[in-house]
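**Student:** Pasting in a structure now, in structure tokens, and then I'll have a few things to ask.
The values are calculated or read from the model by the stated rules, or taken from the named source; none is laboratory data. In this text, all values refer to a predicted model and were calculated from it rather than measured experimentally. All Cβ positions, even for glycine, are placed from backbone atoms using ideal geometry, and neighbour counts span all protein chains on display.
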Amino acid sequence: MSRLDSAIRRLQAQKLSLDWAVAAIGDRSGNAIELGLGNGRTFDHLRSLMPERPFYVFDRQVAAHPDCIPAEDRLFLGDFRETLPAAAERLGRETLLAHLDIGTGEKQASMALAAAIAPLVDALLADGAVVVSDQPVDLPRWKAAALPDGIGPGRIHLYEIG
Ligand code: SAM
């Protein structure tokens, strides 16, 4: 598979997974969070699917397309390890959808970061929440969910919480 094919499949998997997650939480009330604003691609997709839902975004910097910058009061700016505990104090355990898109391209470092921050994300998640993650996570409350048709195994990771 060429790198172009692989990039296309990764983006398709991301879109199918985010669509699945939004459908899974339906109209239950609760927050959504995204770790990794990046250039704002997935932020833009998620907010288009759930314009009314409170949606908080985490990144160490804002480097997104100008049309894809969250409002200041919806942005947790800084290292995830510091902003997630602050978010838990502010938001409580009312998050129903979490998207973790934290990978740097360096597999070991990305997996280590995911392992370090997953318990901090868990502290924000309501029972019945769903998680879309670019890294695998092993936590007792996180139950692996089946991937939607069209996504190859290991490309993205879906969890149902509780
Ligand atoms: N979801 C984005 C999109 O669709 O454009 C792409 C996100 S990109 C793969 C990963 C992002 O995570 C980068 O913007 C990077 O700054 C951020 N990031 C990585 N490690 C971080 C950390 N420890 N604390 C805060 N942000 C971090």
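**Student:** Could you list all residues from the stretch 76-99 that are within 12 Å of ASN31 (Cβ to Cβ) and among the polar types (S, T, N, Q)?
**Tutor:** Residue satisfying the conditions is THR95 alone.
**Student:** Can you work out which of the residues in the stretch 3-18 that are of a type in the set (D, E, K, R) and in contact (Cβ under 8 Å) with a residue 60 or more places away in the chain is farthest from the ligand (Cβ to nearest atom)? Give the derivation first.
**Tutor:** In the first step, residues of the stretch 3-18 are kept if they are of a type in the set (D, E, K, R); the result is 3, 5, 9-10, 15.
Narrowing further to those that are in contact (Cβ under 8 Å) with a residue 60 or more places away in the chain: 9-10.
Details: ARG9: 15, ARG10: 10 Å.
Per the stated criteria, the residue is ARG9.
**Student:** Which one is farthest from ALA98 (Cα to Cα) among residues in the stretch 24-80 that are within 7 Å of the ligand (Cβ to nearest atom) and of a type in the set (Asp, Glu)?
**Tutor:** Residue satisfying both the conditions and the ranking: ASP79.
**Student:** I'd like the residue in the stretch 100-126 that is of a type in the set (S, T, N, Q) and either closer than 18 Å to ARG60 by Cα or part of a strand (DSSP E or B) (or both) and, out of all such residues, is modelled with the lowest pLDDT.
**Tutor:** Within the stretch 100-126, the subset of a type in the set (S, T, N, Q) is 104, 108, 110.
In the following step, the residues that additionally are either closer than 18 Å to ARG60 by Cα or part of a strand (DSSP E or B) (or both) were identified as 104, 110.
Values: THR104: 87, SER110: 97.
In this case the residue turns out to be THR104.
**Student:** I would also like to ask the following. Find the residue count for the stretch 126-143, including only residues that are within 15 Å of the chain's Cα centre (by Cα), more than 16 Å from the ligand (Cβ to nearest atom) and small (Gly, Ala, Ser).
**Tutor:** The number of residues fulfilling the criteria is 2.
**Student:** State which residue pairs qualify: first residue surrounded by fewer than 16 Cβ atoms within 10 Å (Cβ to Cβ) and inside the stretch 61-88, second residue basic (Lys, Arg) in any location, beta carbons under 9 Å apart, and separation of 6 or more residues or different chains.
**Tutor:** HIS65/ARG41; LEU77/ARG60; GLY78/ARG60; ASP79/ARG60
**Student:** Just the residues that are of a type in the set (Val, Ile, Thr) and surrounded by fewer than 23 Cβ atoms within 10 Å (Cβ to Cβ), please, taken from the stretch 13-41.
**Tutor:** Across the stretch 13-41, the qualifying residues are VAL22, ILE25.
**Student:** Under 9 Å by Cβ, and 6 or more places apart or on different chains, what pairs join a residue from the stretch 37-49 that is within 19 Å of PHE76 (Cβ to Cβ) with one that is within 7 Å of the ligand (Cβ to nearest atom) and part of a helix (DSSP H, G or I)?
**Tutor:** LEU37/PHE43
**Student:** Do any strands (runs of 3 or more DSSP E) entirely within the stretch 1-78 hold 1 or more residues that are closer than 19 Å to SER133 by Cβ and charged (D, E, K, R), and if so, which? Quick ask: steps written out before the conclusion?
**Tutor:** Working: elements: 31-35, 55-59, 75-77.
Because the criterion is at least 1 residues that are closer than 19 Å to SER133 by Cβ and charged (D, E, K, R), the strands (runs of 3 or more DSSP E) in the stretch 1-78 that meet it are 31-35, 55-59.
**Student:** ASP27 fails exactly one of the following numbered conditions: (1) over 20 Å from VAL121 (Cβ atoms); (2) free of Cβ contacts under 8 Å to residues at least 24 places away in the same chain; (3) within 16 Å of the chain's Cα centre (by Cα). What is the number of that condition?
**Tutor:** The number of the failed condition is (3).
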